[in-house]
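Visitor: Next up is a structure, given as structure tokens.
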Amino acid sequence: MQKIKLFRDIEGNILDIGGGGEGIIGRLYPTQAIVIDNRKDELLEAPKGPIKLIMDAREMCFVDECFDNVTAFYSFMFINKDDHPKVIKEISRVLKDGGRLYVWDTKIEEANPFLADIEITIDEQVISTTYGVGKKDAYQDAEYFRKLISTSGFKLIEESTEGEHFYQCWKNLG
């Protein structure tokens, strides 16, 4: 089981991509975050606090450069790989110049199905969950995201890896 401890160290407003379900970023930043998910049931399941909107990350209904930060906490694994470039392009569009993109995710060799057991600590609260997918062409790793995001106008400014799990912080170069 992967253990992740999260701190409240992001300043400014936050767009959380795929933040339904456990709603980790919304729990951490209930007054700063706007959470989007394309599934209403996932948003209904998420804890109260942040603003929640049913929205497709491939075509977001926000004006350009309106967010200081964008987060994706184990979200890309649920987005079709063919759509990843479009989602990154949309993130770049809604993120202010110099804004930050934070990605937490995991290496997936193949998904038949793939399961990731994670224990997240926020303050004294511990959330244990399993994220799982079963789809073709699910392969992803930190290097995949380095290539994808760096070719979309972002600069990697921080990265850490623990086992198969990784965290990346990117700066939008506009």
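Please treat every number below as a calculation from the coordinates, not as lab data. Predicted model only: the values in this text are computed from it and were never measured. Every residue, glycine among them, receives a Cβ derived from its backbone with ideal geometry; neighbour counts consider all protein chains shown.
Visitor: What 222 nm value per residue comes from the helices of the chain, counting each DSSP H run with n ≥ 4 as -39,500 (n - 2.57) and dividing by all residues, nearest 500 deg cm²/dmol?
Guide: -4500 deg cm²/dmol
Visitor: Let me ask something additional. Apply the Karplus curve 6.51 cos²θ - 1.76 cosθ + 1.60, θ = phi - 60°, to the phi angles in region 53-62 and return the couplings in whole Hz, x for Gly and Pro.
Guide: Result, rounded to whole Hz: 10, 7, 7, 8, 5, 6, 8, 7, 9, 10.
Visitor: State the antiparallel share, in %, of DSSP beta bridges confined to region 61-158, rounding to the nearest 5. Intermediate results must be reported in sequence, preceding the final value.
Guide: Working: 10 of 16 bridges.
So the antiparallel bridges amount to about 60 percent of the total.
Visitor: With the Cα gyration tensor of the chain giving a ≥ b ≥ c as the square roots of its eigenvalues, does the rule (a/c under 1.5 for rounded; else a/b larger than b/c for prolate; else oblate) give rounded, prolate or oblate?
Guide: Numbers: a/c = 1.28, a/b = 1.07, b/c = 1.20.
Cα axes put the chain in the rounded bin.
Visitor: Related question: When a/c is below 1.5 the answer is rounded, else prolate if a/b is larger than b/c, else oblate, so apply that to region 1-95 with a ≥ b ≥ c taken from the square roots of the Cα gyration tensor eigenvalues.
Guide: rounded
Visitor: Among DSSP beta bridges whose residues both lie in region 2-172, state the antiparallel percentage, nearest 5. Don't jump to the answer; show the numbers that get you there.
Guide: Numbers: 25 of 47 bridges.
Rounded to the nearest five, the antiparallel share is 55 percent.
Visitor: By its C-alpha gyration tensor, with a ≥ b ≥ c as the square roots of the eigenvalues, how is region 96-142 shaped: rounded for a/c under 1.5, else prolate for a/b larger than b/c, else oblate?
Guide: Taking the square roots of the gyration eigenvalues as a ≥ b ≥ c, region 96-142 is oblate.
Visitor: Between Phe154 and residues 5 or more places away or on another chain, which pairs have amide H atoms under 5 Å apart, with H built 1.01 Å from N, and which residues are they?
Guide: Correct list: Leu173.
Visitor: Using a basic spin-label model with each label point 7 Å from the Cα along Cα→Cβ, how many nm lie between Asp97 and Asp137?
Guide: 3.5
Visitor: Subtract the Cα-Cα distance of Met1 and Leu44 from 0.36 nm times their separation in residues, and report this length gain in nm to one decimal. Before the final figure, lay out the partial values.
Guide: Working: separation 43, 0.36 × 43 = 15.48 nm, distance 2.64 nm.
The span from Met1 to Leu44 would gain 12.8 nm if fully extended.
Visitor: Within region 60-87, list the residues whose amide N lies under 19 Å from a label point set 7 Å along Cα→Cβ of Arg8.
Guide: Of the residues in region 60-87, 68-71 have backbone N under 19 Å from the label point off Arg8.
Visitor: Related question: Give the calculated FRET efficiency between Ser160 and Thr129 to the nearest 0.05, with a Förster radius of 22 Å applied to their Cβ-Cβ distance.
Guide: Between Ser160 and Thr129 the formula returns 0.65.
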